Amino acid sequence: MTDTRIPVAILGATGAVGQTFIRCLRAHPWFRIAELGASERSVGKRYAEAAHWLEGDLDPDVAAIVVAPCDPTRVTSPVIFCGLDAATASEVEPAFARAGRFVFSNAKTFRMDADVPLMIPEVNADHMALIARQRRERGWSGAIVTNANCSSTTAAVAMAPLHERFGIKTAFAATLQAVSGAGYPGVASLDILGNIIPYIGEEEPKIEREIQKMLGKVSGEAIAPAAFVVSAHANRVPVEHGHTVCLSLGFEDAPTPEQAIKVLAEWRGAPAVRGLPFAPEPPIRVRSEPDRPQPRRDVMEGRGMTTVVGRVRADTVLDLRLVAMSHNTIRGAAGGSILNAELMVSTGEIPRRPS
Ligand code: NAP
């Protein structure tokens with residue numbers, strides 16, 4: 001039987017995010033892994049030789065794929081999932097978009113550009129409106145759609161329903177970020193075992209700006225950023241997967257903890273996202289135990305796509321505080337990109353293949 005799924009390429013396929021794409025796309029109903037790209041170090045090798053595979057079994061079909069260079073004349077799939085570092089992405093991603101491909105980026109390079117959507121579909125599916133402007137202004141037949149920094153994603157999902165209902169004025173965010181957020185091999189074990197590193201390069205300004213863009217409103221073909229201010233503290237902790245964010249929030253119209261819990265638990269996000277293969281149901285799970293969420297216990301909630309929120313309580317400085325946690329390489333990277341691509345298939349922006 002002919003496989004009518006859309007062929008996709010994963011660039012940066014050997015890295016932490018690239019490997020998560022491979023795991024998440026296993027048996028995907030709409031997308032088929034056709035090509036894998038990485039650096040010169042890996043090009044020409046079978047994937048199984050090029051990658052230091054980290055988790056679970058590697059599908060033999062994927063293991064046998066010969067790694068290609070990240071070049072649109074050598075990689076032909078219409079959908080490109082990227083797990084590239086920022087410097088590589090700055091050259092590679094526009095080259096693919098210019099060549100008519102739909103590029104789903106995890107790098108910081110284009111996130112804050114005025115014509116590039118920074119998407120979490122449940123939160124801001126309408127930000128896709130920027131794509132028409134991007135194509136017109138850059139002369140591209142393809143497009144770049146970005147994902148946020150993984151901690152920004154954790155915080156933004158938890159803040160979105162509260163902002164929508166009560167209007168956030170001020171946000172304080174302290175992160176506890178897993179080691180897989182630094183890629184592979186990432187942070188040296190002697191630096192992180194039994195330790196906390198209270199610094200992650202460039203992380204705090206990214207969190208402060210990206211949340212404002214993601215929770216901003218579409219106005220024509222531009223985004224008016226959310227008007228609240230964010231203060232972020234970023235910390236690396238000895239956890240394998242799962243970024244935790246402790247949030248204190250001030251509001252225009254302050255909710256009680258009970259009102260906030262109800263809004264968070266009932267929130268389902270943009271209707272356009274419901275029923276998509278990678279959409280978690282519900283997008284937020286609120287836990288009532290006093291010691292949750294915990295990465296070890298909660299990180300795979302909703303196949304790693306659900307944001308787990310707990311400890312929703314009154315704050316002594318602002319109005320409300322809570323703890324949010326989600327999987328950094330799934331919800332915060334590969335799974336988020338896959339959901340963005342599914343949204344574009346469901347709206348017809350990415351054509352399906354005839355069956
Ligand atoms: P990583 O583990 O270091 O992987 C980097 C990948 O890029 C590898 O496949 C590497 O291939 C490839 N690469 C490096 N230089 C290249 C070049 N010149 N040309 C082509 N490919 C090249 O990094 P990661 O953690 O997966 O992160 C990837 C991106 O996602 C980064 O921009 C990061 O900021 C972002 N991100 C990461 C997370 C996370 O939780 N890890 C979350 C959100 C966003 P070789 O193996 O061949 O060198």
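Results, tabulated for the structure shown:
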item	result
Hits in the range 136-145 - residues which are assigned to a loop (DSSP other than H, G, I, E, B) and among the hydrophobic types (A, V, I, L, M, F, W, C)	TRP140
Some residue of the range 232-240 being buried (at least 23 other Cβ atoms within 10 Å of the Cβ), under 20 Å from GLU164 (Cα atoms) and within 16 Å of the ligand (Cβ to nearest atom)	no
Residue match in the range 27-34 (condition: crowded, with 23+ Cβ neighbours inside 10 Å, within 11 Å of the ligand (Cβ to nearest atom) and of a type in the set (A, V, I, L, M))	no
Condition broken by ILE22, with the remaining ones in (1) more than 14 Å from the ligand (Cβ to nearest atom); (2) touching a strand residue (DSSP E or B) at 6+ places or on another chain (Cβ under 8 Å) satisfied	(1)
Strands (runs of 3 or more DSSP E) wholly inside the range 146-231 that include at least 3 residues being in contact with a helix residue (DSSP H, G or I) (Cβ under 8 Å, 6 or more places away or on another chain)	168-176
The range 35-72, subset in a loop (DSSP other than H, G, I, E, B) and free of Cβ contacts under 8 Å to residues at least 24 places away in the same chain, residue farthest from the ligand (Cβ to nearest atom)	ASP57
Leading residue by the ranking (farthest from PHE110 (Cα to Cα)) among those in the range 77-99 that are more than 9 Å from the ligand (Cβ to nearest atom) and of a type in the set (Gly, Ala, Ser)	SER77
Sole exception among (1) within 9 Å of the ligand (Cβ to nearest atom); (2) more than 18 Å from the chain's Cα centre (by Cα) for THR2, by number	(1)
Set ALA178, ALA155: member being more than 11 Å from the ligand (Cβ to nearest atom) and at pLDDT 95 or above	ALA155
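Yes/no matrix, rows are residues, columns are (1) at negative phi; (2) free of Cβ contacts under 8 Å to residues at least 40 places away in the same chain:
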position: GLY242; (1), (2): no, no
position: PRO257; (1), (2): yes, no
position: VAL273; (1), (2): yes, no
position: PRO277; (1), (2): yes, no
position: GLY302; (1), (2): no, yes
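The values are calculated or read from the model by the stated rules, or taken from the named source; none is laboratory data. The shown structure was predicted, so the numbers you read here are calculated from the model rather than taken from an experiment. Here the Cβ is made from the backbone with ideal geometry for all residues, glycine too, and neighbour counts use every protein chain on show.
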